[in-house]
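The block underneath contains the structure these notes are about, expressed in structure tokens.
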Amino acid sequence: MPRILAALLLAGLLRAQAPASEVKDALGRNTPQEAVFQFLEACHARDYSKATYYLDLRKIPAAARAKDGPDLARQLEDLLDDTPFEITTLSRDPEGDQADGLAPALDRLASFEVAGQTVELQLERVELRLGVRVWLVSADSVALIPKAHQAVAETPFEKKLPQVLVTFEILDTPVWRWIALLVAAMVLWIAAGLVSRGLVAVIRPLVDAPAFRGPVRVALVVAGLRAAMEFASPATLSRTFLERALGMIFSLAVAWAAAVAVDLIAERWRARLDPRVQAVSYSVLPLGRQVLKLSFFLIAVLGVLSVWGYNTTAILAGVGVGGIAIALAAQKTIEDLFGGISVISDRPVLVGDVCRFGDRTGTVMHIGLRSTRIRTPDRTVISVPNGQFATMTLENISGRDKIWFHPTLNLRRDTTSEQLLQVLASFREILTGHPKVETGKIPVRFIGVGPYSLDVEVVAYVKTSDYDEFLGLQQELLLKLLQAVEQAGTGLAVPLQESFASQRAPQA
């Protein structure tokens, strides 16, 4: 069974990670975006010989390709890394962008301004061999790379910097840009903290929620860093990864703000609940709140992944297959989860209720997703799995509106009929005259003659749900009943063996 579960889970993950189309080219030149991405990967690895495979060099003499190809790859790398080139604008479709106004086999790569002229580089879908078509920088665009490379030049700001900050690179990006982004991040963090504090203070008359400061601060920092990257832009691939990371953080910050709003609404709802159902807030609201907040974060992550180009349908399908495997391996846990939902929705007991379950009695302390915790009269805490708890016969002792008073008094056998009638009348008068006692038509009844007693049954309700109050009233009523027995000139019966023992005791 563990091998089967592992196989199902692995199949789900592979299905989620599989691309939309079959990988046919070992160098990853199936789509315009993927081809340029792999080209930059090769350049950043300083493998310019490999990078030439992403250029259409057919118009260059074969003898010159080995020398000119790597040089052209370096120049194109400079163009794409040192200019505002956005790789995410390229098509992820193997057929390319069919709405760009170019021929079906062409796609726009980038445009550069050189000496007042626009130099446009394009990608072309080339058939290398039968059935294998890849995207390359077109042969005509390869010829334009040296001219377009003139657009790469130091900015006036870079000319004023020490050359070591411009020439020394980290991840193919001049180090001064990383320093600028780091300084910007620290300044933005401090400034965003002040701004978020001020915004929360402004909306405090409407919504008093200091917890909003966190997501607002993060969102402001992300927006500021995104603007700073326009001034100090990293290399294309580094910029792409940073932009994706910032996009994910921003989406999570929005989800965080939504989660704070859910907490705020839930707290206000709980505060306005009727006191008689206040206990519901301790069992229903936490579960619903957690599920809703988790949904916000899941939507945020899936939304960003969809923008990145991942097939979220395949991811969800893979998660579904993996979920089946997990479900098979965690049947008891899932049983407990649905048991908890059943307990919370049906509400046989709520937090704070005293209940009897099986042969135990206790006070419900917490109803969680997996188990219910109950404190016993011994002050111990029992944790009962919800799958088991939901199938038990539960007696909600706190749910009663009044408590049954049902003693049976055994009068002596020598009690006369007149004494018995007097006892019955006195009992009835005690019960009907008490303001906290509810009686039926026959609250006191003579139910039979026992081996050594005359049995009198009392049936009434004490009008309270507080068990401590009931114990006090029960004591009061029992004392009055005993006094009535004594006033009638009789008493309670004792077992025969005890009577014989007491009679023989003086002779000893």
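The values are calculated or read from the model by the stated rules, or taken from the named source; none is laboratory data. Predicted model, so just to flag it, every value in this text is computed and none were measured. Quick note on the areas: whole protein, heavy atoms, side chains included, nothing else; ligands and nucleic acids left out. Shrake-Rupley method; radii C 1.70, N 1.55, O 1.52, S 1.80 Å.
Residue 414: accessible area at probe 1.4 Å, nearest 10 Å²?
100
Using amide H atoms built in the peptide plane, which far-off residues or other-chain residues are under 5 Å from residue 114 H to H?
Residues meeting the criterion, in which the H sits 1.01 Å from N, are 119.
Less than 17 Å apart at the alpha-carbon level, and either on another chain or at least 8 residues along: which aspartates and glutamates does that give for residue 293?
263, 267
Kindly sort 171, 252, 136 by accessible area of their heavy atoms, largest first, with the probe set to 1.4 Å.
Details: 171 115, 252 60, 136 10 Å².
Largest accessible area first, the list is 171, 252, 136.
Amide H of residue 233: which non-local residues (sequence gap of 5 or more, or other chain) have their own amide H closer than 5 Å, using H built in the peptide plane?
none
For a quick check of understanding: with a 1.4 angstrom probe and all protein chains in place, what accessible area in square angstrom does residue 453 have, to the nearest ten?
10
When all protein chains stay in place, what accessible area (Å², nearest 10, 1.4 Å probe) is found for residue 392?
50
Just list whichever of 59/147; 436/480; 67/159; 67/147; 24/59 have alpha carbons separated by over 22 Å in the model shown.
Long pairs (Cα-Cα over 22 Å): 67/159; 24/59.
Of 464, 361, which has the most accessible area with a 1.4 Å probe, and how do the rest follow in descending order? Display every interim value, and only then the final one.
Numbers: 464 10, 361 45 Å².
If we order 464, 361 from most to least accessible, we get 361, 464.
Explain nothing, just compute: Karplus ³J(HN,Hα) = 6.51 cos²θ - 1.76 cosθ + 1.60, θ = phi - 60°, for every residue of region 108-113 in order, whole Hz, x for Gly and Pro.
Each residue's phi maps through the Karplus curve to give 6, 8, 6, 10, 9, 9 Hz.
In terms of Cα to Cα distance under 16 Å, which aspartates and glutamates are near enough to residue 463, apart from those fewer than 8 places away along the same chain?
Leaving aside aspartates and glutamates fewer than 8 places away in the same chain, those within reach of residue 463 are 401, 438, 476.
Quick one: grab the alpha carbon gyration tensor of region 29-162, order the square roots of its eigenvalues as a ≥ b ≥ c, and give me rounded if a/c is under 1.5, else prolate or oblate depending on whether a/b is larger than b/c.
Details: a/c = 1.73, a/b = 1.37, b/c = 1.27.
Prolate is the answer for region 29-162, as a/c is 1.5 or above and a/b outweighs b/c.
In whole Hz, with x marking every Gly and Pro, tabulate ³J(HN,Hα) for region 219-230 from phi via Karplus 6.51 cos²θ - 1.76 cosθ + 1.60, θ = phi - 60°.
In residue order, the calculated couplings are 4, 5, 5, 4, 4, x, 5, 5, 6, 5, 5, 6 Hz.
Would you work out the relative contact order for region 169-258, in percent, from Cα pairs under 8 angstrom that are 6 or more residues apart?
Working: 66 pairs, mean separation 34.9, N = 90.
So the answer I get is 39 percent.
From the phi angles alone, apply the Karplus equation (6.51, -1.76, 1.60; θ = phi - 60°) to region 389-406 and give each ³J(HN,Hα) in whole Hz, x where the residue is Gly or Pro.
5, 5, 8, 6, 7, 9, 10, 7, 5, 5, x, 6, 9, 7, 10, 6, 10, 9
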